[in-house]
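Enquirer: Please read through the structure below; I'll follow up with questions.
The values are calculated or read from the model by the stated rules, or taken from the named source; none is laboratory data. What you are looking at is a predicted structure, and each value in this text was computed from that prediction instead of being measured. Positions of Cβ are backbone-derived with ideal geometry, glycine not excepted, and every protein chain shown enters the neighbour counts. Accessible surface is based on the protein model in full, side chains and every heavy atom, while ligands, DNA and RNA are left aside. Shrake-Rupley method; radii C 1.70, N 1.55, O 1.52, S 1.80 Å.
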Amino acid sequence: MRLTTEEEAMLAGKEGPAAAKAMEILFALGEIYGAEQLVPVVSVQVAGVSYGNLGQAGLDFLCEWADQGARVVVPATLNPAGMDLKAWQEMGIPEDYARRQLEIIGAYQAMGVTINCSCTPYLAGNVPEFGQHVAWSESSAVSYANSVLGARTNREGGPSALAAAITGRTPAYGLHLERNRQAGLVVEVNCRLTSAADYSALGYIVGQTAKDRVPYFRFNSGPQPGLDELKALGAAMAASGAVALYHVEGVTPEARSRDVLAGGAAIVAIESAEEGYRALDGTSQAVDLVWIGCPHASLAEIEHAADQLHGRHLEAELWVTTAREVLDAATARGLTSRIEACGGRVVADACLIGAPLGEMGIGAVATNSSKAAFYLRNHSHLQVRFGTLAQCIEAALKGKWPV
Ligand code: F3S
């Protein structure tokens, strides 16, 4: 990989050990993936935030880099933490966990990272433009940036994203190159999808089918997906098949701006999203916690949840996770208080995958996200139900899964 004079100097330590370490990481990555050069990035989104995922070793790594003088040079935000950074006590988070989680946040803050912990940075002011290069980490955000916004990013690991933030660059390989953004799998969707959960179930199925090909959707029945449906679809494919880019005919920007279909693309027809529900829905009747907001909920989704409660009292916990800015907007619109009046809560900064749910006495979780269901089933001992928002709200109201 060719480096500019400035990049060579950085690698040689002329800008200090922290920048040299960042350049070493990027140079090694570029060499591994055959990049010819680095490209400037306009923003970074860093994963590796939840103490539940990072652990003490990750915390020590971050503190060491911060102590070496690491400072970001482009706008950088964070993936969710394992708790609401302000209201963790109300969530019932153990104090020891919270202390370490806040130490992680402190290390990022010392490096100049904006403490905005969300997997939907695009709903909280970090919105790259069509064609711009970014270095984002969270798989659902990567999917949204590439597919819905038309920006260009690979799925970065935590250290490589932070290295990109410290240098302002990332190696130009993978989805940064137009030739790798062609679709190789046409997905003809012949059924009518009526909820974000339906798109999430569809995404689970297609993710398992994609096998390194970029999907190109044609929705042949019913309306075209809106932004919340695309968010759910992309997150699901990212979880079940590591899909980082997809196109939707007539909807996503790259599919509207050029011919993105590769010659000889395979074709698959989807007649129903039921298989996605069947694969991820469990059998537990009891529901302790209903989780809405994976990926973090939009304002419209929070409003939808509040509307479905109709002021009734909840028998199970209901947590709606979202970005801090969206929480503030929901609070200003009176949505947070409507949910709280029923016994639920709107939680900022957090992803429940990294949260200590077992320690908090939670045994069964219901969600309208196939990504949440997929991870909870594979990485926890919790019972999981996966269904529509209406089913999840009903479960929260009754404390059990509706039959
Ligand atoms: Fe976001 Fe966590 Fe879901 S990072 S996409 S809320 S698994």
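Enquirer: May I ask you to say which residue of Ala81, Ala76, Ala66, Ala164 is within 16 Å of the ligand (Cβ to nearest atom) and open to solvent by less than 20 Å² (accessible area, probe 1.4 Å)?
Expert: Values: Ala76 fails: within 16 Å of the ligand (Cβ to nearest atom); Ala66 fails: within 16 Å of the ligand (Cβ to nearest atom); Ala164 fails: within 16 Å of the ligand (Cβ to nearest atom).
On inspection, the qualifying residue turns out to be Ala81.
Enquirer: Hey, another quick one. For Ile353, state whether it is in contact (Cβ under 8 Å) with a residue 40 or more places away in the chain, more than 15 Å from the ligand (Cβ to nearest atom) and under 18 Å from Met83 (Cβ atoms).
Expert: Spelling it out, it is not the case that Ile353 is in contact (Cβ under 8 Å) with a residue 40 or more places away in the chain, more than 15 Å from the ligand (Cβ to nearest atom) and under 18 Å from Met83 (Cβ atoms).
Enquirer: Moving to a separate point now. Determine whether Arg71 is closer than 27 Å to Trp291 by Cα and either away from the ligand (no atom under 16 Å from the Cβ) or over 21 Å from the mean Cα position of the chain (by Cα) (or both).
Expert: no
Enquirer: Name, by its number, the condition in (1) without any contact (Cβ under 8 Å) to a residue 60 or more places away in the chain; (2) among the hydrophobic types (A, V, I, L, M, F, W, C); (3) not in a strand (DSSP E or B) that does not hold for Phe217.
Expert: (3)
Enquirer: Please find, among Ile32, Ile105, the residue that is free of Cβ contacts under 8 Å to residues at least 24 places away in the same chain and β-branched (Val, Ile, Thr).
Expert: Within the list Ile32, Ile105, the selection yields Ile32.
Enquirer: Now for a different question. Have a look at Tyr108, Tyr122 and point out the one that is in a helix (DSSP H, G or I) and either over 22 Å from Arg169 (Cβ atoms) or more than 18 Å from the chain's Cα centre (by Cα) (or both).
Expert: Numbers: Tyr122 fails: either over 22 Å from Arg169 (Cβ atoms) or more than 18 Å from the chain's Cα centre (by Cα) (or both).
Among Tyr108, Tyr122, only Tyr108 is in a helix (DSSP H, G or I) and either over 22 Å from Arg169 (Cβ atoms) or more than 18 Å from the chain's Cα centre (by Cα) (or both).
Here's the yes/no breakdown for (1) closer than 21 Å to Lys231 by Cα; (2) open to solvent by 10 Å² or more (accessible area, probe 1.4 Å); (3) assigned to a strand (DSSP E or B):
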{"residue": "Val320", "(1), (2), (3)": "yes, no, yes"}
{"residue": "Glu340", "(1), (2), (3)": "no, yes, no"}
{"residue": "Gly343", "(1), (2), (3)": "no, yes, no"}
{"residue": "Leu352", "(1), (2), (3)": "yes, no, no"}
{"residue": "Glu359", "(1), (2), (3)": "no, yes, no"}
{"residue": "Ile362", "(1), (2), (3)": "no, yes, no"}
{"residue": "Arg385", "(1), (2), (3)": "yes, yes, yes"}
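Enquirer: Residue by residue through the range 259-306, note down the ones that are more than 16 Å from the ligand (Cβ to nearest atom), within 30 Å of Thr336 (Cα to Cα) and open to solvent by less than 40 Å² (accessible area, probe 1.4 Å).
Expert: Passing the criteria: Tyr277, Gly282, Ser284, Val287, Ala306.
Enquirer: If Leu376 satisfies all but one of (1) open to solvent by less than 40 Å² (accessible area, probe 1.4 Å); (2) under 18 Å from Met83 (Cα atoms); (3) away from the ligand (no atom under 16 Å from the Cβ), what's the number of the condition it fails?
Expert: Leu376 satisfies every listed condition except (3).
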